[in-house]
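What follows is a short report on a single structure.
Laboratory data are not the source of any read-out in this text; all were calculated from the coordinates shown. Bear in mind that the values here come from a model prediction, so they are computed numbers and not experimental data. Here the Cβ positions follow ideal geometry from the backbone for every residue, glycine too, while neighbour counts run over all protein chains shown.
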Amino acid sequence: MPSYTPSSSVIAARKALAERLRDLRRDAGITGRELSRRCGWHPAKTSRIQDGKAAPSDDDIRAWCRACQVPDQVDDLIAASRALESMYVEWRRLEKTGLRHAQDSVLDLYRRTRHFRVYAHRVVPGMLQTREYTRAVLTAVQRARNTADDVDAALDARMDRQAMLHRSRRRTFAVVIEESLLHGGVADAATMAGQLGTLIEFSARPTVSLGIIPIHTGRRRSPAEDFYMFDDMQTSVELISGHLRLTQPHEIAMYANAFATFAEMALFGHAARHRIAAALKRHR
């Protein structure tokens, strides 16, 4: 399969915007130094922007377009810049007022989605978590990122969202997880035991397809970052540093292919429940 990393989408989009700005300058027949003079900033700033090393602000784009005498391009370029900015959001920015905001920010997306595809190797996906497991995850996140302590509010929001998702039989969930996460690392033994028992229950629901990738399996693909697919509208990738939002069809197709590969490696039905039950015994 072709190599692909989540950050490559952001890099490509940033370069595309930079190339558009550079082409406007060239079409205007002016040098970078002349554009800098007209904009009233140092030539190094022009170089950083058109090389894709610095993100232009809205005012930068307006000044650039004035210098190139193309005011009709302002709105489109600002829209492209803002779309790029929304692709990747650092956790510290998304969670600057606490964890509750991050939960609320995706509620409408979850409401609209009818088919979820999820791959996870770090934690059990939120839509299948118990309240106790969710508390353990959110508490670990709050401490690691030193956010405002609103774990209780975030926990209630997560549980309300989960209840909303499972009330409708029109929603389906295809979930593939690595067997390694069944053995803990986030919560204590009692919490893990409760979570694994709940996974067994979820796996028997007609709306849920739960696959387990065995630890000792002939892998055709390395583990990826945890990702969530919302119909064919969006893929959200959970990076260590932040949250990546992908909406381009070719990007979504890459993750759809990755998910299909992981699903081919996974065990389902009775075989999956057997793996979960074996892990459950270790937590009791």
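Using amide H atoms built 1.01 Å from N in the peptide plane, name the residues 5+ places from G242, or on other chains, whose amide H lies under 5 Å from its own.
W91
So, counting K/R as plus one and D/E as minus one, what does the shell of residues with Cβ under 14 Å around E264 add up to?
On the way: positive: R117, R219, R220, R221; negative: none.
The answer is +4.
Give the lysines reachable from K45 as a straight Cα distance under 25 Å; neighbours fewer than 8 places away on the same chain don't count.
Those lysines meeting the cut-off are K15, K53.
So for E132, E264, fewest C-beta neighbours within 10 Å to most, what's the order? Please list the in-between numbers first.
Working: E132 18, E264 12.
Fewest-to-most ranking of E132, E264: E264, E132.
Note down the net charge around D232, summing +1 for each Lys or Arg and -1 for each Asp or Glu among other residues with Cβ under 13 Å from its Cβ. Working shown, then result.
Values: positive: R112, R114, R117; negative: D231, E251.
Net local charge, D232 excluded: +1.
Given the options M192, M254, M127, which has the most mean-square fluctuation in a GNM of the chain, springs set between C-alpha atoms less than 10 angstrom apart?
M254
Among I30, I78, I252, which one shows the biggest mean-square fluctuation in a GNM of the chain, springs joining Cα atoms closer than 10 Å?
I30
Could you order the peptides 141-149, 180-188 from most to least packed, using the average number of other C-beta atoms within 10 Å per residue?
Per-residue mean Cβ counts within 10 Å order the peptides as 180-188, 141-149.
I need the phi-derived Karplus couplings for segment 168-182: 6.51 cos²θ - 1.76 cosθ + 1.60, θ = phi - 60°, integer Hz, Gly and Pro marked x.
3J(HN,Hα) across segment 168-182, in whole Hz: 9, 7, 7, 8, 10, 10, 9, 10, 10, 10, 7, 4, 4, 6, 6.
List E178, E238 from most exposed to least, where exposure is judged by having the fewest other Cβ atoms within 10 Å.
Working: E178 21, E238 16.
The order, fewest Cβ neighbours first, is E238, E178.
Need the C-alpha centroid separation for segment 211-284 versus segment 10-46, integer Å.
Result: 41 Å between the Cα centres.
Against the empirical 2.2 N^0.38 Å scaling, what ratio does the C-alpha Rg of segment 95-282 come to? Write out the running numbers ahead of the final one.
Details: Rg = 15.9 Å, N = 188, 2.2 N^0.38 = 16.1 Å.
Compared with the compact-globule rule of thumb, segment 95-282 sits at 0.99.
Report the far tail of the P(r) of segment 6-88, meaning the percent of Cα-Cα pairs longer than 19 Å.
That tail contains 30 percent of the Cα-Cα pairs.
Could you tell me what percent of the DSSP beta bridges with both partners in the chain are antiparallel, to the nearest 5?
Looking only at bridges with both residues in the chain, the antiparallel portion is about 55 percent.
What list of ³J(HN,Hα) values in whole Hz, one per residue of segment 96-101 in order, does the Karplus curve 6.51 cos²θ - 1.76 cosθ + 1.60 (θ = phi - 60°) give from phi, with Gly and Pro shown as x?
5, 9, x, 7, 4, 4
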